[in-house]
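Please read the structure below before turning to the comments.
What follows draws every value from the coordinates through simple rules; no lab data is involved. Every value quoted in this text rests on a predicted model; they were computed, and no experiment measured them. Please note: Cβ atoms are built from the backbone with ideal geometry, for glycine as well, and neighbour counts cover all protein chains shown.
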Amino acid sequence: MPSPTEEVRAVWTSDQGSMAQQTAVTRWPKIVEGTVDDIDETAASSDKEKRAERAAMRIALQEIMHEIERNEPLKPLREDGVPGIGDFNKQLNGIGSCSWLDCPWLFAECYLYRRIQTIFNASKNWQGYDVFKRRKDSTFVTSRAAVEELASREEAQRLLFIEMTEIALWGNATDLSLLSHLSMEDLQDLQGQDAIQKNQKNIVDNDTDAVWAYLQCTPSPVDRHVDIVLDNAGFELFTDLIYAAYLLDSQIATSVQLHTKQFPWFVSDVVLTDVDSLFEHLGSAKCFPDREYLDRLVPRLRKFFECGAISTTSEPFWTTPYSFHEMPNRAPALFDQLQSSYLVIFKGDLNYRKLTKDGLWPYTTSFRETLGPLGKSRMKILALRTNKSDTCVGVESQVKVDALNAEAPGGAWVRNGRYAVISFHEGHC
Ligand SMILES: [Mg+2]
């Protein structure tokens, strides 16, 4: 592992025993296979043209699967009429010769989703199609008990900031691209109040007190705009909306902007239509028969959108392969905008990997140090992330790292989704 002063090395899919390697070998082919099944299912009830075009798309998707399985080189992406391809190819060029199972993980995983998207972008009849929607929807419906429970708590509420923050944090445990090996029972175990209390000791870097102190500091600005850079649709998005509503109700925030992805990404990430889809599900007595609290909560949430207190945006930067160290150069307007935000909340594993450059930092490296230029900026960054990859920083001491290694050997505490971080950087004024 590098000393913190050296340039950090990113995780590669060829790193033996890494989460990166496991993902590339076992998860990626499965995810692509799922897209083939999905278009087959959709085509079965579609018109002739859509069905006809499906055959070629199937081949293109299977080609990706075979390339991964045969560990073929990553090819430059073909132009598909949508901006962003150039950035991918430039970065691919910069990496030099690399193949699916021997390349920087962060880049290759972003490349995979952009590559899948080229097939849909280049089609005639499948424009705007979300190939992961079916999976997102079905997972959300299995969260029924937790949704109904949270609706009731929100109603009873004025819950503590800590509790609300942790609900948003553990909502991140539901991530389709990362937890495809868990059963529905496992997923339900990760949700709900008992789980949250039990898991508190598993927050390996917990800056909640520092965030709370920052939010309490006077004089607080009149305009307290909070940004939430979302991760997953479904249950996590539901917890994020509850969190946004709490921040507004408690007057911690005066407005909240939700950042969604521009196109389907990492299977379960939120695209704009997932927000509508969430409201459809929450409004449906078939999905959620226990309406007592939901019928009060849902109109309140809708109102926040209608009056603009909660808004949405989809920045193209979130679906590039760049780490956030490159935000000042690659997305200067976004960088400026987020620097003037009262608080920027980054949800989930991918955002965390991008914040830390997917680097193999020593676990005790300070969160600030791993943020690169963002750590030297005015941006107030709160990362809420359950640990599901190879990178984790901000652990207070080597003694704690040793204890974690003893408790969850083989780096399991960095990867298995049962440990988490609430990491905060207050920014420089
Ligand atoms: Mg995700």
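Dipole size of region 1-153 about its Cα centre, with +1 on Lys/Arg Cβ and -1 on Asp/Glu Cβ: approximately 320 debye, rounded to the nearest 20. Placing +1 on the Cβ of every Lys and Arg and -1 on the Cβ of every Asp and Glu, with nothing else charged, gives region 202-281 a dipole about its Cα centre of roughly 180 debye.
Counting DSSP beta bridges with both partners in the chain, what percentage is antiparallel, nearest 5?
Numbers: 11 of 32 bridges.
Just about 35 percent of them are antiparallel.
Derived scalar couplings between HN and Hα for region 282-289 equal 5, x, 8, 5, 6, 6, 10, x Hz in order, rounded to whole Hz, by the Karplus curve 6.51 cos²θ - 1.76 cosθ + 1.60 (θ = phi - 60°), x for Gly and Pro.
Taking the helices alone, the chain has a mean residue ellipticity at 222 nm of -14000 deg cm²/dmol, built from -39,500 (n - 2.57) per DSSP H run of at least 4 residues and averaged over all its residues. Near the amide H of Val271, within less than 5 Å, lie the amide hydrogens of Lys261, all on another chain or at least 5 residues away, with H placed in the peptide plane. Plainly put, region 1-63 has a radius of gyration that is 1.30 times its Kirkwood radius, both from alpha-carbon atoms, as the Rg/Rh ratio.
Solvent-free Debye calculation, one equal scatterer per alpha-carbon of region 223-325: log10 I(q)/I(0) at 0.23, 0.24 Å⁻¹ equals -1.29, -1.35.
Mind scanning Lys75/Lys354; Lys201/Lys400; Lys357/Lys388 and naming the pairs with a C-alpha gap bigger than 19 Å? The partial results should precede the final answer.
Values: Lys75/Lys354 23 Å; Lys201/Lys400 12 Å; Lys357/Lys388 15 Å.
Among Lys75/Lys354; Lys201/Lys400; Lys357/Lys388, the Cα-Cα distance tops 19 Å for Lys75/Lys354.
Each principal axis of the Cα cloud of region 259-415 was evaluated for its coordinate range; sorted largest first, these ranges are 50, 41, 27 Å. Taking every Cα-Cα distance in region 1-135 and sorting them into 5 Å bins starting at zero, the pair-distance distribution P(r) comes out as 2, 10, 19, 20, 18, 14, 9, 5, 3, 1, 1, 0 percent.
The alpha carbon centroids of region 50-85 and region 211-282 are separated by 33 Å.
Extending 7 Å from Cα along the Cβ direction at Lys48 and again at Phe305 yields two label points whose distance is 3.8 nm. Remark: C-alpha extents of the chain on the principal axes read 58, 55, 43 Å, sorted largest to smallest. Close amide H partners of Val256, meaning residues 5 or more places away or on another chain with modelled amide H under 5 Å apart, are Val226, Ile310, Ser311. Size of region 341-429: Rg and Dmax of its alpha carbons, in Å, are 12.8, 40. Computed from backbone phi, the HN-Hα couplings of region 243-259 come to 5, 4, 4, 4, 4, 6, 4, 7, 6, 5, 10, 9, 8, 10, 10, 9, 9 Hz, rounded to whole numbers (Karplus: 6.51 cos²θ - 1.76 cosθ + 1.60, θ = phi - 60°; Gly and Pro given as x). Here the Karplus curve 6.51 cos²θ - 1.76 cosθ + 1.60, taken at θ = phi - 60°, turns the phi angles of region 223-232 into couplings of 9, 10, 8, 10, 9, 10, 8, 6, 10, 9 Hz, with x standing for Gly and Pro. The separation of region 315-339 from region 364-401, counted between C-alpha centres, amounts to 18 Å. Placing unit charges on the Cβ atoms only, positive for Lys and Arg and negative for Asp and Glu, gives the chain a dipole magnitude near 560 debye about its Cα centre.
Under 5 Å between amide hydrogens, built in the peptide plane, is the criterion, and for Ile345 it picks out Asp227, Ile228, Val229, Leu382 among residues at least 5 positions away or on other chains.
Working from label points 7 Å from Cα in the Cα-to-Cβ sense, the Lys30 to Arg296 distance is 4.1 nm.
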